[in-house]
Amino acid sequence: MSRFPDPRDDLREARSRERGHRRELAGREPERRSFQDRLQASLVDVAVHRAVASRDLVKHQFGGHPFAGARGIDHLVKAGWVEERDHHGTKILTATDAGRRTADTVAPQRGWDSEQRTWSGLGKEADLKHDLALYRAVAEARDLLEARGLRLRRIRLDAEMRGEIMRRTEAVRAARGKAAADALREEIAERLQLPLDDKGAILWPDAQIEVAREPDGPVEGRVNIEITTEHYSRAQIAAKSAAGFALFPSGAKAGRHLANALGGLSSRSGDGAGAGRRGGIEDGLLDL
């Protein structure tokens, strides 16, 4: 899009500085993507995920190149589309209202579903660590899916799913009663492939990915993503694993806890079924 700045002139002036950073990419296969393409993808990523750590965006949209990533983030900030703030030593990116509106225009042009929801501003501070981990998890899942010829079409965050289902079911409850509302909730859950517990309540993932093989093709599969912490009980991990969720830890400590819990599930089952749920995707979650 022409509204995105073209930094080629700036990059020519800084070419001598850039050469030093190229050594960091030795041995990597270079991605043939224009800088403008990376800017667009970065803006959409930030708006879709609500909050993204700057270092994670550099890794996934700028090939880990620190100079190019810094230039890209600087352009998005100067354009008024993204805000960068420091949170206990971690640089956090969020979309501005103008950035969210621009992302709404750019996203469908990049193959995202026209109903993809975007966000602006920072959510609850208590949820920030979780939100940042979610971007890393989705990026990892996206790489695995793209290796299978699948493209990400839409991401629903838990807040969006809960809000949509609650609004619809409460309207039906008020008009037609509890039984009709319960039936509608079960119908929506089945359509969205959201599992129910033994009491009929929905097991909510932290996010759900929809994928397709073609940019405008039908949805061919969904992945329910769960971010686990070191505070998850083994019972919680077992329930989410059994529901087919793709489990991703929020950090190193959570990762060790998750590995231990899944290892325990695997040893009890005797067939390794529990350990396979760490990625979820490779374990046949998408039966395409």
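The values are calculated or read from the model by the stated rules, or taken from the named source; none is laboratory data. Keep in mind it's a predicted model, so treat the numbers as computed, not measured. Cβ: placed from backbone, ideal geometry, glycine included. Neighbour counts: every protein chain shown.
Determine whether Leu265 is among the hydrophobic types (A, V, I, L, M, F, W, C) and modelled with pLDDT under 65. Against the criterion (among the hydrophobic types (A, V, I, L, M, F, W, C) and modelled with pLDDT under 65), Leu265 does not qualify. Tally time: how many residues in the stretch 182-201 are more than 23 Å from Gly221 (Cβ to Cβ) and either touching a Ser or Thr at 6+ places or on another chain (Cβ under 7 Å) or part of a helix (DSSP H, G or I) (or both)? Total meeting the criteria: 3.
For Arg151, the conditions (1) under 23 Å from the mean Cα position of the chain (by Cα); (2) in the same structural domain as Ala246 (by TED's automatic domain parsing) all hold with the exception of (2). Looking across Arg50, Arg71, one residue alone is of a type in the set (Lys, Arg) and over 14 Å from the mean Cα position of the chain (by Cα). It is Arg71. State whether one or more residues within the stretch 74-95 are at pLDDT 95 or above and within 30 Å of Pro218 (Cβ to Cβ). Checked the stretch 74-95: at least one residue is at pLDDT 95 or above and within 30 Å of Pro218 (Cβ to Cβ).
With respect to Gln116, determine if the residue is of a type in the set (S, T, N, Q) and not assigned by TED's automatic domain parsing to the domain that holds Gly221. When the stated conditions are applied, Gln116 passes them. Selection of first residues in the stretch 163-181 that are without any contact (Cβ under 8 Å) to a residue 12 or more places away in the chain and more than 19 Å from Pro205 (Cβ to Cβ) and of second residues that are of a type in the set (D, E, K, R) and part of a helix (DSSP H, G or I), restricted to Cβ pairs under 9 Å at least 6 apart or on distinct chains, gives the following pairs, ordered by first then second residue: Arg173/Asp182; Ala180/Arg173.
How many of the residues making up the stretch 83-103 are without any contact (Cβ under 8 Å) to a residue 40 or more places away in the chain and within 24 Å of Arg117 (Cα to Cα)?
8
Which members of the stretch 38-71 meet the condition of being under 12 Å from Ala103 (Cβ atoms) and either without any contact (Cβ under 8 Å) to a residue 24 or more places away in the chain or among the small types (Gly, Ala, Ser) (or both)?
Scanning the stretch 38-71 gives Ala41, Ser42, Ala47.
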